[in-house]
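A.B. asks: Sending over a structure as structure tokens; questions will come in a sec.
The values are calculated or read from the model by the stated rules, or taken from the named source; none is laboratory data. Keep in mind that this is a model prediction, so the values were computed, not measured. No Cβ is skipped: glycine too gets one built from the backbone with ideal geometry, and neighbour counts run over all protein chains shown. Surface areas here come from the heavy atoms of the whole protein model, side chains and all, with no ligands, DNA or RNA. Shrake-Rupley method; radii C 1.70, N 1.55, O 1.52, S 1.80 Å.
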Amino acid sequence: MKSKLSVVATVLLAAACGGTPSTSSASPSPSRAASGEKIAVATNAKLGSILVDEKGMTVYLFVADTTKESTCYTSCAAIWPPVLTDGAPQAGTGVQASLLGTTTRTDGKVEVTYAGHPLYYFIKDKAPGDVTGQAINGFGALWWVVSPSGAAIEVKP
């Protein structure tokens with residue numbers, strides 16, 4: 001009996017002092033690359049193959065952006081929010097990974113680019129597949145849905 005009490009006391013003491021291994025294990029943090037925004041290709045009945053984010057929301061390019069630097073800020077960005085990422089953007093189905101990139105906005109946030117075009121959402125698109133921003137002329141230039149090749153899909157609805 002004394003040896004059983006001794007064993008129990010030793011186990012309890014070890015547990016109280018952290019001497020026993022924990023049953024939970026820390027999972028590795030996701031890599032920076034794995035945390036980036038995913039861009040994929042979806043099919044739209046009127047426009048064909050278009051770029052979308054991982055939730056299926058359509059992304060657009062702004063013709064006024066003549067380089068990979070965004071020209072859409074303040075009131076423009078309130079209506080056309082940039083597609084932001086916390087890591088390297090990920091290529092979903094149908095997307096050419098080599099065309100994905102990023103640009104740093106003036107506020108320090110990182111915006112996804114595709115074929116050198118900064119990407120944006122349109123505030124009036126409410127559901128996956130909506131393309132209500134197609135061919136809108138706003139903030140000095142046209143807004144177009146993006147094809148898998150990175151070109152503007154210049155089809156008016």
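A.B. asks: Starting from the range 112-127, take each residue that is over 18 Å from Gln96 (Cα atoms) and open to solvent by 40 Å² or more (accessible area, probe 1.4 Å) and list its partners that are in a strand (DSSP E or B) and at pLDDT 95 or above, counting only C-beta distances under 9 angstrom and pairs at least six apart or across chains.
C.D. replies: Tyr121/Asp53; Tyr121/Thr58; Tyr121/Tyr60; Tyr121/Pro82
A.B. asks: All but one of (1) open to solvent by 40 Å² or more (accessible area, probe 1.4 Å); (2) more than 22 Å from Gly48 (Cα to Cα) hold for Ala77, so report the exception by its number.
C.D. replies: (1)
A.B. asks: Name the single residue, out of those in the range 93-106 being outside any strand (DSSP E or B) and either under 15 Å from the mean Cα position of the chain (by Cα) or touching a residue at least 24 places away in the same chain (Cβ under 8 Å) (or both), that is surrounded by the fewest Cβ atoms within 10 Å (Cβ to Cβ).
C.D. replies: Filtering the range 93-106 for residues that are outside any strand (DSSP E or B) and either under 15 Å from the mean Cα position of the chain (by Cα) or touching a residue at least 24 places away in the same chain (Cβ under 8 Å) (or both), the one surrounded by the fewest Cβ atoms within 10 Å (Cβ to Cβ) comes out as Thr106.
A.B. asks: Residue by residue through the range 132-157, note down the ones that are in contact with an Asp or Glu (Cβ under 7 Å, 6 or more places away or on another chain) and part of a loop (DSSP other than H, G, I, E, B).
C.D. replies: Scanning the range 132-157 gives Thr132, Gly133.
A.B. asks: Given the condition closer than 21 Å to Thr102 by Cβ, out of contact with any strand residue (DSSP E or B) (no Cβ under 6 Å at 6 or more places or on another chain), modelled with pLDDT of 95 or more and open to solvent by 20 Å² or more (accessible area, probe 1.4 Å), answer yes or no: does some residue in the range 43-57 qualify?
C.D. replies: yes
A.B. asks: When the range 35-64 is examined, which residues are found to be farther than 11 Å from Tyr120 by Cα and either among the charged types (D, E, K, R) or more than 20 Å from the chain's Cα centre (by Cα) (or both)?
C.D. replies: Within the range 35-64, Glu37, Lys38, Asn44, Ala45, Lys46, Leu47, Gly48, Glu54, Lys55, Val63, Ala64 qualify.
A.B. asks: Name the residues in the range 46-92 that are over 25 Å from Pro157 (Cβ atoms), in contact (Cβ under 8 Å) with a residue 12 or more places away in the chain and not aromatic (Phe, Trp, Tyr), would you?
C.D. replies: Result: Thr67, Lys68, Glu69, Leu84, Thr85, Asp86, Gly87, Ala88, Pro89, Gln90, Ala91.
A.B. asks: Can you spot a residue in the range 20-37 that is farther than 28 Å from Phe139 by Cα, open to solvent by 50 Å² or more (accessible area, probe 1.4 Å) and at pLDDT 95 or above?
C.D. replies: Checked the range 20-37: no residue is farther than 28 Å from Phe139 by Cα, open to solvent by 50 Å² or more (accessible area, probe 1.4 Å) and at pLDDT 95 or above.
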